[in-house]
Structures are given as C-alpha cells and as structure tokens.
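The structure appears right after this line, and notes come after that.
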Amino acid sequence: MYLFRLALASLANRRFTAILTAFAIALSVCLLLAVERVRTEARASFASTISGTDLIVGARSGSVNLLLYSVFRIGNATNNIRWDSFEHFANNPKVKWAIPMSLGDSHRGYRVMGTSEAYFDHYQYGHRQNLELATGRAFQTDPFEVVLGAEVAQALHYTLGDKLVLAHGVAAISLVKHDDKPFTVVGILKRTGTPVDRTLHISLGGMEAIHVDWHNGVPAQGKARISAEQARNMDLKPQAITAFMLGLNSKISTFALQREINEFRGEPMMAILPGVALQELWSLMSTAEKALFVVSLFVVLTGLIGMLTAILTSLNERRREMAILRSVGARPWHIATLLVFEALALALAGVVAGVGLLYVCIALAQGYVQSNYGIYLPLAWPSEYEWTLLGGILAAALLMGCVPAWRAYRQSLADGLSIRL
C-alpha cells in the first residue's frame, strides 16, 4: 500500500497534468456510458412506442411495412381494408377493443389519421401509458374537428379554436387541398415522444366527409361539389380503412386470432404482433447502433493513450526522482510498480469522475430527453454490462501502465544510483 500512497503523492506533485489526464478519461468514460445507456433505453423506448396492443391488422404486405405506416406514419399501405371486414373482427368474441385507422392525407408535412373515440381510450405507449389531453377535448359528433399531436401544435403554433385545411396525399407540399372543408382544433395531446406527437387526429366521419365528393382520386367540380354543411347531414360511415389495432380478452388467443385473420377468405389481410415486428425493425438498424458504440470505444481508447503519453513524457524528467528512490532502498520492480499504480490511479479517478459526470448530465437532461424524444434515462445504478465496461477500462489502463513501467524498470537498472544522460 505504501507504493500506492507514493503514487498518489507523485501525482499530487504533478497535479495539473494529472487532473487534465483524468478529466480526459472522465469525458471518454461519460461518453461511452451515455451511448450505452441511450442505446439501451432507446431500444426499450422504441419497443414501447406502442404497448397494450395485441395485434395490428392491415392489407397483406410485409410486417415491417405494416408497422411503419400504422405506428410510425412512414410509407403507405399496399391496399385498404373493407369496413365490414373490420366489423367482422371487431365483433369477434376474443376481441376486447378495436381501433380503426384511416391514413392518406396530411397537413404541412404531418400525417392525418382518421380514427374513432376508441383510440383515445385504448391506445397506449411506453409503460402502459394512456394518451392524455394537454388542453381541450377529443373530437365528438362534428366531423370537422381535429385533435393535434404536441409537436404539430408547437411547430405550427396552433391553439384551440384555430382553423386548418388538410391536403390530399402525404407530400410536404400538396397542390390539392380540401380547402372547402376546414377543420377546427378542439384538442391538443400531451407530448409522448412517439409518432402520436406528429399526427393530426380526425374522426372517420371527417375523413369520409372531405372525400365525399371525390371520384377516382379527383375532386368534383362546379355544382357537383358538396359543401361542409351538406356533408354533415350525410351518412359518413366509411367504406374502407387502412388498418386497425386489436386488444384481446386473453393473451392465449393471440396466435389463434392471428391465424384466423391471415387465413380470412373475405379479403387478403395480415395480422402482426407489434413486439415481434418492432424487434425485426430494430435489427435492421443494429449496424448504426454498433457503429456508434465502436466510436465511443475509440474515444475511451484515445483518453487512455493520452494517459500513456503523459506518463511516458514525464519519465525523463523523473529520472532524478527514481534515482533518489533507489538510493533509499527501492528496487527496480518497486519503480515499475509505482508507474503501474500511477496509471491505475489516473484511470480510477477518470472512471469515478466519468460516472459522476454521467449522472449529472442525466439529471439535467432527463426531462427534456423524455418529453422530446420519448427516451427515459433513469438515474439507476450501473448495470452489470456497464460494470463490465468499467472493469475493461481499468484493465486496459493497467496494461497500458505496464509500458512506462517497463521503461522505468530498464532505466533504473541502467542508471543505478546516478542519472546517466
């Protein structure tokens, strides 16, 4: 232990260089752990973009494609589903609730989704969290009411009572708009950190109303146009929807109902399990995830190399110190061990400071990251894997410390009790 105390005293004598070296290691450790924690929590958050939903049903295509357009509002469906097919499965004894979804329109680059009141009652995200309104209410009997996601309202500066016009299609700039049937903002949802924030929600009746005088994708002209007031008095029951979500009475019946939907003779449909599809989608992004982790490892390696450089640079300046140690009885291996302990002390100080810096950053950014990106970063004790990473950093520092230790050992043998320049 006296050698370790001597190493600490030596570092204290060179405190400015030691502090800078430890700080460089601390920054690299903080970055490594932050990347690992964000990666882990992002994966968990990604998997919880939708929760509590047992099956997502859409036209027959790929499972990832169905997940993308129904949950993440990316891409388009290959086909629609007839309304009577939706009712057939919504009324199935195994089904507890059903949420229909109709997509295809947009507003200034944000997707519009037609749905029912069941969406606000049963859709869940995160850890079984229900949607909540920050202000206003959900749409009711009037088909021309819209509930905005938090990001839409913030980015476009909408408040309750504002009027807006939807556009046909999903392009950021659309030349075809439903300007004869404006919608009124009646509610704004609380931020969720999910695609819900980037969505405008209208009723299925509202989706039918804006297309009631459209034929083959083209709006009617002249007297054939139907006004908003006329549309309110029409039967706005949808003929088709894009997809629907199902919650079941029992998890045991999930696979049986999935098989029943996939083999449905009425029209080609497919049902997916959201969790399985999310894992499949996440695996497609694993390359970028690993690349980010490798970059952070190289940052840690850079910090350790900086430590090695600092110790090696000081060796020639410390030859007199080592000769004095030899003169009071220190052996060459004592000198070598002293250098190893210095490297270990610097790395240990960097690791402790890096972990502390990580927790400070999490405490400061936790609320912002959760509200804007839907990623919850807990102030939790390091996980087993994070402890392994920290142990690996200390082991690497110990190995690197052997390099200056070996040089000091050789120099002390050559110098003896007097310095040879």
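The values are calculated or read from the model by the stated rules, or taken from the named source; none is laboratory data. As the structure is a computational prediction, the values presented were derived from the model and not from experiment. When we count neighbours, we look across all protein chains shown, and the Cβ atoms used for this are built from the backbone with ideal geometry, even at glycine.
Candidates Gly392, Gly401, Gly354: the one that is in the same structural domain as Val35 (by TED's automatic domain parsing), crowded, with 19+ Cβ neighbours inside 10 Å, over 30 Å from Ile50 (Cα atoms) and at pLDDT 80 or above is Gly354. Exactly one residue out of Gly329, Gly374 is under 22 Å from Phe46 (Cβ atoms), modelled with pLDDT under 80 and not polar (S, T, N, Q), and it is Gly374.
Residues that are closer than 23 Å to Phe46 by Cα, touching a Gly at 6+ places or on another chain (Cβ under 8 Å) and modelled with pLDDT under 90: does the stretch 128-150 have at least one? Within the stretch 128-150, one or more residues are closer than 23 Å to Phe46 by Cα, touching a Gly at 6+ places or on another chain (Cβ under 8 Å) and modelled with pLDDT under 90.
This table checks each residue for (1) of a type in the set (A, V, I, L, M, F, W, C); (2) under 28 Å from the mean Cα position of the chain (by Cα); (3) not assigned by TED's automatic domain parsing to the domain that holds Glu41.
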{"residue": "Val112", "(1), (2), (3)": "yes, yes, yes"}
{"residue": "Tyr119", "(1), (2), (3)": "no, yes, yes"}
{"residue": "Gly149", "(1), (2), (3)": "no, yes, yes"}
{"residue": "Val165", "(1), (2), (3)": "yes, no, yes"}
{"residue": "Met207", "(1), (2), (3)": "yes, no, yes"}
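Within the stretch 49-73, the set of residues being buried (at least 22 other Cβ atoms within 10 Å of the Cβ) and under 15 Å from the mean Cα position of the chain (by Cα) comprises Ile50, Val71. Collect the residues in the stretch 107-142 that are under 20 Å from Gly169 (Cβ atoms) and not small (Gly, Ala, Ser), keeping them in residue-number order. If the condition is that a residue be under 20 Å from Gly169 (Cβ atoms) and not small (Gly, Ala, Ser), then His107, Arg108, Tyr110, Arg111, Val112, Met113, Thr115 are the ones that fit.
When Leu166, Leu189, Leu236, Leu204 are checked against the criterion of being touching a Gly at 6+ places or on another chain (Cβ under 7 Å), within 13 Å of Leu103 (Cα to Cα) and modelled with pLDDT of 85 or more, Leu204 stands alone in meeting it. Looking across the stretch 261-296 at every residue that is within 23 Å of His122 (Cα to Cα) and not in a strand (DSSP E or B), the one that is farthest from the chain's Cα centre (by Cα) is identified as Ile261. The residues in the stretch 122-145 that are surrounded by 17 or more Cβ atoms within 10 Å (Cβ to Cβ) and without any contact (Cβ under 8 Å) to a residue 24 or more places away in the chain can be counted, and the count is 0.
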